[in-house]
Amino acid sequence: MQTKTPPENALKRKYPEQTVLVVTRGNDGRANVMAVGWVMIASSEPWMFALGIDDAAYTYELIRQKREFVVAFPSESMAKETLFAGTHHGHSLDKFAATGLQTQTGVLVKAPLLADAVANFECRLVCIVQPGDCPIVFGEVIAAHENRSPRVLCLYNWGSNYTLLGARKPRTGRLS
Ligand SMILES: Cc1cc2nc3c(=O)[nH]c(=O)nc-3n(C[C@H](O)[C@H](O)[C@H](O)COP(=O)(O)O)c2cc1C
């Protein structure tokens, strides 16, 4: 049974939401990191991500400048750092120094990988489209890296005030 409600109320029911960290590196050599919940796989041949990135974000400026970035899926141990990356702008703040996030060098993109993430995807900017109020950034995956530890779980945003927690598979494999 459904009850008509404004979209912003209905959307509160969609959580948990996958959250990624988008890593960039500017002309000054400094890396930046931002949390993004508006993320989806947009193509499998070639692999692409689509990300909703506010044009006020420093990350948006750096993606347009360098035309490359890393999409990292944070592990549940990275909740505090993910919240920090998602609540501070990097224009005049070094979020890596502030959080102590560990990095690793990628193979094709100058922005670093996040060493403790579940997986990292090096991406090349394909295009940016803006059908509504938020620019949608399309990135083609040009290299991918995984954390092989089976104990490392992905981090999700569970909604109200950015509650960031891991999610476990139900033991039976059944959802109900
Ligand atoms: C869990 C979470 C999810 C977020 N999702 C988005 C998103 O999808 N798009 C967006 O533009 N900002 C999102 N934000 C806010 C940005 O991460 C925030 O504005 C950040 O400070 C931008 O950093 P920058 O200016 O260094 O690029 C999210 C924040 C959090 C904590």
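Structure summary
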{"item": "Candidates LYS14, LYS66, filtered to the one that is more than 9 Å from the ligand (Cβ to nearest atom) and buried (at least 16 other Cβ atoms within 10 Å of the Cβ)", "result": "LYS66"}
{"item": "Qualifying residue in the range 21-28 (condition: modelled with pLDDT under 95 and more than 15 Å from the ligand (Cβ to nearest atom))", "result": "yes"}
{"item": "Selected residue (only one of ASN9, ASN32 is over 18 Å from the mean Cα position of the chain (by Cα) and either away from the ligand (no atom under 11 Å from the Cβ) or under 16 Å from PHE69 (Cβ atoms) (or both))", "result": "ASN9"}
{"item": "Cβ pairs under 6 Å, 6+ apart, first in the range 36-60 and more than 23 Å from PRO16 (Cα to Cα) and more than 7 Å from the ligand (Cβ to nearest atom), second part of a loop (DSSP other than H, G, I, E, B) and not aliphatic (A, V, I, L, M)", "result": "ASP55/PRO135"}
{"item": "Which listed residue, of LEU165, LEU125, LEU108, is surrounded by fewer than 14 Cβ atoms within 10 Å (Cβ to Cβ) and assigned to a strand (DSSP E or B)", "result": "LEU165"}
{"item": "Test: residue in the range 74-81 that is within 6 Å of the ligand (Cβ to nearest atom) and at pLDDT 95 or above", "result": "no"}
{"item": "Residue count for the range 153-162, restricted to those that are part of a loop (DSSP other than H, G, I, E, B) and modelled with pLDDT of 90 or more", "result": "4"}
{"item": "Selected residue (criterion: farthest from PHE49 (Cα to Cα)) from residues of the range 108-154 that are more than 15 Å from the chain's Cα centre (by Cα) and β-branched (Val, Ile, Thr)", "result": "VAL152"}
{"item": "Those residues of the range 82-103 which are outside any helix (DSSP H, G or I) and either among the aliphatic types (A, V, I, L, M) or free of Cβ contacts under 8 Å to residues at least 24 places away in the same chain (or both), in sequence order", "result": "HIS88, SER92, LEU93, GLY100, LEU101, GLN102"}
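The values are calculated or read from the model by the stated rules, or taken from the named source; none is laboratory data. These numbers were taken from a predicted model, which means no experiment stands behind them. Positions of Cβ are generated from backbone atoms using ideal geometry, with glycine treated the same way; all protein chains shown enter the neighbour counts.
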